[in-house]
Amino acid sequence: MRAPMAAAAAAAVVLVMGAGLTGCGAQEGEEVVVASYGQGRLWLKPYDWTYLRVELPPSFSSVTMDFATDMDIQREQMKGIPRSELAIICLMNSNPQIPDISESYLDSLLSNFLPSGPFGNGNIINQSNLAQCIPFQKNTTVVLTNDQISPGVWYIGYFHGIGPARTQSKMISRGKARLVSTHITVRGCPTSAIWGPYCNQTVEMIGCSQPSIDNNSRNLLDLNTERRNSWYPREHNRRINILSQRNQLAEKEVGSNVTALVRMENSVTCSISNNSLCIRQGDMKFYFLDVVNLALQFEITAANFGVIGPSLICYLRYNAFPQRDLHDYSGDISHDPLVVKSPNIGRWYIAIETVNKTQMNNTASKPVLDTMCFSLKWQLTGCLNGKTGTNCSWEVYGLQRVPRRSPIPFESYYIPSNERASLEDSHFYLEQFLSNSSHEQFAWTYFFLDVAQGSAGALIHVQLKSDKELNYELYSKYGGLPSNDIWDYYASRTSSSNGSVFFSLQNSTNSDLDLSIFYAKEGTWCFGVKHPTDTTNSQTYMSVSLQGCHRNCNQKGVCHSSVDESGLTFYSFCTCDRDHGGFDCSDELVSPNGHIWQSVFLIASNAAAILPAFWALRQKAFAEWILYTSSGISSALYHSCDVGTWCILSFRVLQFLDFWLSFMAVVGTFICMATIDEASKRAMHTAVFILTALLAATGATRSANIGIVIAIGSLGLLMGWLLEFSTARRFICWPWQINLNMPQSWPNFGTLFRNTLEVLNKRFRWIFLLLGFITLSFAATSWKLESNSNYWIWHRYGIITFPR
């Protein structure tokens, strides 16, 4: 007899079953495309990175990812490439990747995805690791099936340059931008009756049989369910009062039998009777089970088959198809049940196969039948009174999200959904919510929160602060209840799970506990506080928040947010100052003494502008004198701000002034070399003012500006010479018709050439011109050798040698 749907809802768990059969009679289906993603031309400048969110539906069978780049990094070349020039693609489940959060973590990511064979163009890679990175190659195809990876949200990260300097503010950022294009095809089975990685497994839906519940006990179930869901009690008081009155009448009628029945209905049991499940030797049966809410455990057992028959081996795997060599739990369910404590919320896949006992024991026996029939039962257990744990005596609270006004879009804090907590306070006192259990020395109190969709690029920050020595332990788990044996992250006053790179425990003392979970997954998180049963002598407040950057970038940078290429996920990151880098700006890249030397070299080197300014003043070229002097002063102020010493104006204003006046100094020098009248110079200067201002305002740091400025100056010099020669009547106009047969015309060319050389020889001081070109080549060499680490050295020489 089927149990009512209300009973399943009351137990806070819902089961959905299906069965699949593989073996000799399996039919192969044809996959269909269920989703497609494309990223046409993605340009990554040096130290740029971005993410692409990809969602794999529960029905997907395989995903094919094609990457095409303009680089070809071979496996043997990776160790010789500086990390600042290494371009990689990373794949991770549920949250964006941070590959350079530590050196060892990056090495493991790169080694995970490298195959044992040749790694060249067009390789097809099959891996089951949940986090891995591959270097840029011309063409790479990655094929993954649903028995290797789980459905849900996946993130592809594109990085051009990794390491602590990735987040460091840079005075320069030169290098070639890299191009990558991505095409992703997600395939699935055409109908629900076909399943498996390649749609070659037939699926049969099987019903669920549950014990019946009478009306009186169902009233108690409804009341307990209402209390469990009453995270907003004012909205449910009237409902609970009505159910309480009905339950009082029910207790008078059935007495103690009601209590016994309610305890039995703390679990939802599904069973399949004998002769309805039959497996041939060598085949596998598949089932799936959806846990949609909190459960203490579920167990699977088999019965009603011969003692001498084969064993039934059960494989369990969360959110993916189990295999003999790839599963989360396994066991022989012939006599003892397979128990999973605190199962995660989501879909669990179950595979059952028969194994010959006699073959396992290497003893002779009677032949085993080809087909074996049996009954199967699985049971989910949960508490009905809004509690959990031993005897359902531990408290469980839901935390509601309160958004903050912040430039980071997803920042918020969480407080209990209870009238004892105020929405105005970002923290709450913990003792009033703790479980009061006398059965054990320690008790547990659980807090659930939801990380909203699209905010996987944030971090969860939890802080406990007590007025006395803190004797609490904090456990966290994604999608289920944590315990002493099962948890994702753990922290106490004396120890923590420091092995994870996505977990940080800092500034903790005997009375404080401060931890962060980086880039927390979207979905339900549970935090369990393990505490003594007697907590009356202490006062502890707890704060839970969703933040953008870890410790606000340690006050060494600014927290920013961006959106991934799909536009569906926000992620936060730090932009550190000139001296720090790393994920949270905690890595010191420039020492205090090094910062002083950089400031002195970059600022003091602008004193080189005194030389051209003095020359211009001596030549009574007052316009050029003002230009050279202003250029040197603005450059010194700009580099003072650029190196992080002092900013008299905003950085953008100082950068514009520095580049604009530098461009003008170069072009003005060319114009000054042409001996033309002042009216022509003023006209040329006016045109140059406009052109160089546009260059400085629209892209001051572009490398192409150097060639453009020199070209403008050369053009001005050429025009000045033309005007000068034209005024002096030195330009000779030749007739349009030249008789090449006249031999007397040829000596005129020789005379013209000799006259031109004589004019040029008298016009320039060639020794200074030669020294000028040598100096210019040295400045160009300095510019070519500049990098983020040695910028303060080579740029200094470039300032000294390059003409202003």
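The values are calculated or read from the model by the stated rules, or taken from the named source; none is laboratory data. Small disclaimer: the values here were computed from a predicted structure and weren't measured. Every residue, glycine among them, receives a Cβ derived from its backbone with ideal geometry; neighbour counts consider all protein chains shown. What goes into the accessible areas is simple: the full protein's heavy atoms, side chains included, and nothing from ligands, DNA or RNA. Shrake-Rupley method; radii C 1.70, N 1.55, O 1.52, S 1.80 Å.
With 24 Å as the limit on Cα-Cα distance, the pairs of LYS341/LYS377; LYS285/LYS521; LYS341/LYS530; LYS341/LYS477; LYS387/LYS530 that go past it are LYS285/LYS521. Can you list the HN-Hα couplings for region 98-103, worked out from phi with the Karplus curve (6.51, -1.76, 1.60; θ = phi - 60°), rounded to whole Hz and with x for Gly and Pro? Those phi angles translate into 10, x, 9, 5, 7, 5 Hz.
Whole number in Å², please: accessible area per residue of region 521-584, 1.4 Å probe, ligands, DNA and RNA not counted.
Per residue, region 521-584 has 37 Å² of solvent-accessible surface.
Can you tally the net charge around LEU568? Count Lys and Arg as +1, Asp and Glu as -1, for every other residue whose Cβ sits under 12 Å from the Cβ of LEU568. Net local charge, LEU568 excluded: -3. Give me the lysines in straight-line cross-link reach of LYS79: C-alpha distance below 22 Å, same-chain residues under 8 apart excluded. Excluding near neighbours in sequence, the set is LYS45, LYS138, LYS176.
Reducing region 600-679 and region 373-412 to their Cα centroids gives an inter-centroid distance of 66 Å. For region 525-633, the carbon plus sulfur part of the accessible surface works out to 60%, probe radius 1.4 Å.
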